[in-house]
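Peer 1: Handing you a structure now.
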Amino acid sequence: MLPIIEKLLILQDRDHRLHRARTELGSIGPQRQTLQNKATDVQARLDAVKLRGKQIESERKRLELDAEAKNAQIAKYSLQQFQTKKNEEYKALAHEIELCKEAISKLEDQQLEFMEQADQVAKDIAAATAEAKNSKRDVDLLVADLATLELNLKKQIADLEADRARQVAEVDASALNRYERLLKSKGDSVVVSIEHGACGGCHMKLTTQTVRTCQGMGEITTCPHCGRILYYERGMDLVAAD
Ligand SMILES: [Zn+2]
């Protein structure tokens, strides 16, 4: 194998690893965001059910106060009944008292409904609280894992970048230029092997002449179809599969 090809393969290996590490690093932000969204959703559900609990409680209180007011009215009418000498007025007051009692009975029924709802909401709050607690624990663990992974990847990238710089220094300028231009246009493997007589990059069949030139190891050979740099290693299958 041409020494320059060996160097380019090492460089390409670092670039592949760098690409993988940077892609993984880039995915951490969205992953963290997804986790935070999940935590926010769970908390929002808990807040909503708590708010519902407060609303029910204040409704129930309001009914209680209404019933107290009606009871006070009854007391007032009873006193007036006691004080009056007029039969008509006594009857009118008795009617008012009856109305108040009916209203109180309705208010008590409504209060009962709210109490049943309050029982259900208390259960919902307990469930949502437990869910929020579990979810927070899970999210905290996963976020901590992501932070560790992020640190490791950053270190890995820094190491790979330093290593890449050392490899680059080993490669002559024109070959490096060629490699980097190809990398920019192809974005993946640009130094490729010959597989079954075809280019390992674009998989187009190569002419015997191209394969021989590559095998001769006299110069850098490129694929006439895609322009990738071809390399030959002993034992490679140079013959077309068909
Ligand atoms: Zn090709």
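The values are calculated or read from the model by the stated rules, or taken from the named source; none is laboratory data. What you see is a predicted model; the values in this text were computed from it and never measured. Don't worry about glycine lacking a Cβ; one is built from the backbone with ideal geometry, like all the others, and counts go over all protein chains shown. Surface accessibility is based on the protein's heavy atoms, side chains included, excluding ligands, DNA and RNA. Shrake-Rupley method; radii C 1.70, N 1.55, O 1.52, S 1.80 Å.
Peer 1: Looking at this model, which pairs from Lys76/Lys123; Lys54/Lys101; Lys106/Lys136 are more than 32 angstrom apart at the alpha-carbon?
Peer 2: Working: Lys76/Lys123 41 Å; Lys54/Lys101 28 Å; Lys106/Lys136 44 Å.
Exceeds cut-off: Lys76/Lys123; Lys106/Lys136.
Peer 1: With both bridge residues required to lie in region 174-231, what share of the DSSP beta bridges run antiparallel, to the nearest 5%?
Peer 2: Working: 5 of 8 bridges.
Within region 174-231, antiparallel bridges account for around 60 percent of the total.
Peer 1: Considering only DSSP beta bridges where both residues belong to region 136-241, give the percentage that are antiparallel (nearest 5). Spell out each step's value before the answer.
Peer 2: Working: 5 of 8 bridges.
Around 60 percent antiparallel, to the nearest 5.
Peer 1: Also: Does region 174-231 classify as rounded, prolate or oblate by the C-alpha gyration tensor (a ≥ b ≥ c root eigenvalues; a/c under 1.5 gives rounded; else a/b over b/c gives prolate, otherwise oblate)? Kindly include the intermediate steps, with their values, before the conclusion.
Peer 2: Values: a/c = 2.38, a/b = 1.35, b/c = 1.76.
Oblate, since a/c reaches 1.5 and b/c is not below a/b.
Peer 1: Taking the chain as a Gaussian network, Cα atoms linked when under 10 Å apart, which of Leu149, Leu25, Leu65 shows the biggest mean-square fluctuation?
Peer 2: Comparing Leu149, Leu25, Leu65 in a Gaussian network model of the chain, the most mobile one is Leu65.
Peer 1: With every protein chain present, what is the per residue accessible area of the chain (1.4 Å probe, Å²)?
Peer 2: Working: 15630 Å² over 242 residues.
Accessible area per residue, the chain: 65 Å².
Peer 1: Label point 7 Å out from Glu57 along Cα-to-Cβ: which residues of region 77-121 have amide N under 16 Å?
Peer 2: Of the residues in region 77-121, 114-121 have backbone N under 16 Å from the label point off Glu57.
Peer 1: In percent, what relative contact order does the chain have, based on Cα pairs under 8 Å that are 6 or more apart in sequence? All intermediate terms of the calculation are to be shown ahead of the outcome.
Peer 2: On the way: 220 pairs, mean separation 65.5, N = 242.
With pairs under 8 Å counted, the relative contact order is 27 percent.
Peer 1: Accessible area of region 15-171 with a 1.4 Å probe: how many percent of it is carbon plus sulfur? Let's see the in-between values first.
Peer 2: Numbers: 6050 of 10880 Å².
Carbon and sulfur: 56 percent of the exposed surface of region 15-171.
Peer 1: Next question. Put a dot 7 Å past each Cα toward the Cβ at Asp41 and Ser78; how far apart are the dots in nm?
Peer 2: 5.7
Peer 1: How large is the dipole of the chain about the Cα centre if only Lys and Arg carry +1 and Asp and Glu carry -1, each at its Cβ, rounded to the nearest 20 debye?
Peer 2: Numbers: 37 positive and 39 negative charges, 117 e Å.
Result for the chain is approximately 560 debye, rounded to the nearest 20.
Peer 1: Next question, about the same structure. In the chain, which Cys residues have no partner Cys with a Cβ closer than 4.7 Å?
Peer 2: Within the chain, the cysteines lacking a partner Cβ under 4.7 Å are Cys100, Cys214.
Peer 1: On a straight-distance basis, which aspartates and glutamates could pair with Lys155 in a cross-link, Cα separation under 18 angstrom, same-chain partners fewer than 8 positions away excluded?
Peer 2: Within the straight-line limit of under 18 Å, Lys155 reaches these aspartates and glutamates: Asp13, Asp15, Glu24, Asp145, Asp163.
Peer 1: Here is a follow-up. Rounded to the nearest 5, what is the percent of antiparallel bridges among the DSSP beta bridges in the chain? Write out the running numbers ahead of the final one.
Peer 2: Working: 5 of 8 bridges.
Roughly 60 percent of the DSSP beta bridges within the chain come out antiparallel.
Peer 1: To the nearest 500 deg cm²/dmol, what mean residue ellipticity at 222 nm is calculated for the chain from DSSP H runs of n ≥ 4 alone, each contributing -39,500 (n - 2.57), summed and divided by the residues? Walk me through the intermediate numbers first.
Peer 2: Details: 4 runs with 188 residues, N = 242.
Calculated at 222 nm, the ellipticity per residue is -29000 deg cm²/dmol.
Peer 1: Okay, next question. For region 166-241, what is the relative contact order in percent, using Cα pairs closer than 8 Å and at least 6 residues apart in sequence? Walk me through the numbers before you get to the answer.
Peer 2: Working: 97 pairs, mean separation 23.4, N = 76.
Computed value for region 166-241: 31 percent relative contact order.
Peer 1: Considering only Ile125, Ile56, Ile97, give the residue with the highest GNM mean-square fluctuation for the chain, with springs between Cα atoms whenever their separation is below 10 Å.
Peer 2: Largest GNM mean-square fluctuation: Ile97.
Peer 1: Which residues in region 96-110 have a backbone N closer than 20 Å to a point placed 7 Å from the Cα of Glu68 along the Cα-to-Cβ line?
Peer 2: Under 20 Å, as judged by backbone N against the label point of Glu68, lie 100-110 of region 96-110.
Peer 1: Same structure, new question: Given a 1.4 angstrom probe, I'd like the percentage of the accessible area of region 174-231 that is carbon and sulfur, rounded to a whole number.
Peer 2: Details: 1440 of 3060 Å².
C and S atoms contribute 47 percent here.
Peer 1: May I ask you to derive the FRET efficiency for Asp138 and Lys50 from their Cβ-Cβ distance with R0 = 22 Å, giving the value to the nearest 0.05?
Peer 2: Numbers: r = 21 Å, r/R0 = 0.97.
After rounding to 0.05, the efficiency reads 0.55.
Peer 1: At a temperature of 20 °C and a viscosity of 1.002 mPa s, determine how fast the chain diffuses translationally according to Stokes-Einstein, using the Kirkwood radius over alpha-carbon pairs as Rh; express D in µm²/s, rounded to the nearest whole number. Let's see the in-between values first.
Peer 2: On the way: Rh = 26.0 Å.
Here the translational diffusion coefficient equals 82 µm²/s.
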